[in-house]
Amino acid sequence: MCGINGFISLGHSRSTVNEEELRPKLQLMNDTIVHRGPDSEGIFIKDRIGFGFRRLSIIDLRTEADQPMISNDGEVVLVFNGEIYNYIEVREKLRNKGYQFRTDSDTEVIINAYLEYGDECVHQFNGMWAFALYDFRKNRLFCSRDRMGVKPFYYYLKGDELYFSSELKALHAVCGLKRANLNKVYEYLAYGYRVNDGETFFEGCSELLPGTNMICEDDKIYHDKYWTLREDMYKHDQGLDYHEEFSQLFESAVRIRYRSDVPVALLLSGGLDSSAIARVTDDLIQKGGLEQNEIHAFIASFPGFKDDETPIAREFVQTCKHIKLHEMLIDSRSILDDFEKLVYGLDHPLFSFTSIAHNNIMRACNERNIKVVINGQGSDEAYAGYDRYISGAYLLDQLISKKGRFREEFQLLNQHNHYSKPFLVAQMVKSMLSPSYSSYLRARYQEKSIAKLEKAFVRNGYTHYKPEYKFSVRGNNFSKYLLDKINHQGLNTILHYEDISSMNQSIEIRSPFMDYRVMEFAFSIPNDLKFKHGRTKIIIRDTVGKRLPDSITKNRRKIGFNTPFIDTMTKDAHFKSYVADVLASQSFQTKKIWNGKKLKKVFGQAQNHPEFPFWRVINLEIWSRVYGISNL
């Protein structure tokens, strides 16, 4: 797990870059993301390319595994951020083909896999990655991002010069990025998420999409979409039923994420997903399936906050023989310390208060010398965990289907999940609309933020997003709705803040539910094994969930990683004073995208506007300041 930077000259394919000019730029980029790799660094410059690297040592801690790494014949050089979890199996296949290895690293596995399979090497990997590889034999740059987009890869074309990095701030530092992408700013303010379309918050700066390779050859840039999550991709074992198949698959996904030459810890929330991982972990240790014989688990504690799940986690860990729980106290003042520095550190405007709380949890782990943690991210999106948001599409399918259970399902969601009838009807209507239009309606009538934004800004931003999801009277809207959230909307936002906040504290996050096999499996089983009778993630509850306490498996209330932001904004005197200064500033009041006076008035009556996106407005203003944005 590391940070990568790079440069290639596209204007003259056989020209040589000026090393004296390029080296300081790569050094600046390395210095800007030193937090991603405090253990070592490297710079490689030859012909038309330059690679920079910061290392967080996880696999093969020796200096021989440092990067940039060069192939045995000197013809290929690689910088790589991430983990190839199945590197042992891939390495064995390559050894059988005659390849020699100098290290025990997964980095060298990528190099030799490329030499053997070419661009198709990515299909050999199970992991999370963003890498750039230059092949001097072909004068060709080959870049790749993992299937789900867990690891970031940003790039910026400046004339005939292509720069890339693991973080936007490195590109900002060397390319002078000062203009915001107004369409992304609109999405942030109006939708509350960033559409996964390859654009970033900086004008002209791009993000390599998940499951995509980028090739620079003959002074041209090509993109190859090698994988997209869709229905019926998983090849089932006909000798197993779905429950047995999931149990074996999930255990495999958990087990390979413990491959590490440093200790691996767990993040607990008191919910089903992280508890399921902890349960499988404890069982694996008990039967000798892991090298570690004790796992440290960490949970964020918010004393006095109604959604604090620490007591549930305590109860559960008492049933585990090999899990040791640590409670990390998170208070509002610590969350708000160095706010502007943190906004800069996390690249984008922060999408929720959770981003800051997550960063503080990572800081607490860093203080305990932890380098790797495992969490439960991805389960809610793939296995239908957010019943509040998916109920509409599900009910519509039940209503359309001749064998549907609309009346029964509607009553259960109303009576057992405690969603009002008007709310459920509203969710059904929402599922019939395009995501952009439903988000616009929410912003206009529920959050009431649209009226505070300038009309031209809203008009241009609204027409930019072209949603893929479309309601169909033929049914199957439920799966399409889930896939759209994964491929185009919310999951990309979550993965970004988890990566940036963890690496901001030099910590790697691994997520078994993000294993591409687990994701493909989720969309190759009947929907009734994910959501039915108001129960979410049914196949998880009916397999590993049977070995968890009832307080976890029978809890229908999806809390997620919640944090007490509204209380902080309205009751914490320190933060209220800070917000008041921001609202009164010339920078805020002269923004061309909104009406500063109207916004200041709303903030002054915050208790009367419980749905207003106060957090996003403040964060956008701070982000524009720390990055010197000139066009807002």
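The values are calculated or read from the model by the stated rules, or taken from the named source; none is laboratory data. Predicted model only: the values in this text are computed from it and were never measured. For neighbour counting, all protein chains shown are included, and Cβ atoms are generated from backbone atoms with ideal geometry for every residue, glycine included.
Of all residues in region 404-425, those that are under 10 Å from GLY534 (Cβ atoms) have Cβ atoms under 7 Å from Cβ atoms of residues that are of a type in the set (Asp, Glu), 6 or more apart or on another chain, in ASN417/ASP387.
If the condition is being surrounded by 24 or more Cβ atoms within 10 Å (Cβ to Cβ) and modelled with pLDDT under 80, then region 337-359 contributes SER355, ILE356. Consider ILE450 carefully, then state whether it is touching a helix residue (DSSP H, G or I) at 6+ places or on another chain (Cβ under 6 Å), hydrophobic (A, V, I, L, M, F, W, C), surrounded by 22 or more Cβ atoms within 10 Å (Cβ to Cβ) and more than 22 Å from TRP129 (Cβ to Cβ). Against the criterion (touching a helix residue (DSSP H, G or I) at 6+ places or on another chain (Cβ under 6 Å), hydrophobic (A, V, I, L, M, F, W, C), surrounded by 22 or more Cβ atoms within 10 Å (Cβ to Cβ) and more than 22 Å from TRP129 (Cβ to Cβ)), ILE450 does not qualify. Per the conditions (1) free of Cβ contacts under 8 Å to residues at least 24 places away in the same chain; (2) crowded, with 17+ Cβ neighbours inside 10 Å, the sole criterion not satisfied by GLY288 is (2). Just wondering, is there one or more residues in region 76-97 that are surrounded by fewer than 23 Cβ atoms within 10 Å (Cβ to Cβ), part of a strand (DSSP E or B) and touching a helix residue (DSSP H, G or I) at 6+ places or on another chain (Cβ under 9 Å)? Yes, because at least one residue in region 76-97 is surrounded by fewer than 23 Cβ atoms within 10 Å (Cβ to Cβ), part of a strand (DSSP E or B) and touching a helix residue (DSSP H, G or I) at 6+ places or on another chain (Cβ under 9 Å). Filtering region 111-148 to residues that are of a type in the set (S, T, N, Q) and either at negative phi or in a helix (DSSP H, G or I) (or both) leaves ASN112, GLN124, ASN126, SER144. When VAL425 is tested against the conditions (1) exposed (fewer than 15 other Cβ atoms within 10 Å of the Cβ); (2) part of a loop (DSSP other than H, G, I, E, B), the lone failure is (2).
Residues of region 608-632 that are at pLDDT below 95, assigned to a helix (DSSP H, G or I) and either of a type in the set (Asp, Glu) or more than 23 Å from SER355 (Cα to Cα) (or both): ASN608 alone.
Pairs meeting the criteria (first residue in region 56-70 and under 18 Å from TYR85 (Cβ atoms), second residue modelled with pLDDT under 90, beta carbons under 6 Å, at least 6 apart or on different chains) are LEU56/MET1; ILE58/MET1. From the list TYR155, TYR163, TYR85, the lone residue that is in the same structural domain as HIS35 (by TED's automatic domain parsing), within 21 Å of the chain's Cα centre (by Cα) and more than 24 Å from ARG257 (Cβ to Cβ) is TYR155. Right, VAL473: in contact (Cβ under 8 Å) with a residue 24 or more places away in the chain, over 30 Å from ASP273 (Cβ atoms), surrounded by fewer than 19 Cβ atoms within 10 Å (Cβ to Cβ) and not charged (D, E, K, R) or not? So VAL473 passes the test.
Counting only residues that are touching a His at 6+ places or on another chain (Cβ under 9 Å), under 30 Å from PRO263 (Cα atoms) and in a loop (DSSP other than H, G, I, E, B), region 497-535 holds 3 of them. If you go through region 80-108 and keep only what is under 22 Å from MET503 (Cβ atoms) and of a type in the set (A, V, I, L, M, F, W, C), you end up with PHE80, ILE84.
Among the residues of region 191-204, at least one is outside the structural domain of GLU468 (by TED's automatic domain parsing), touching a strand residue (DSSP E or B) at 6+ places or on another chain (Cβ under 9 Å) and not in a loop (DSSP other than H, G, I, E, B).
Put simply, of LEU162, LEU177, LEU229 the only residue that is in a loop (DSSP other than H, G, I, E, B) and within 21 Å of LEU22 (Cα to Cα) is LEU177.
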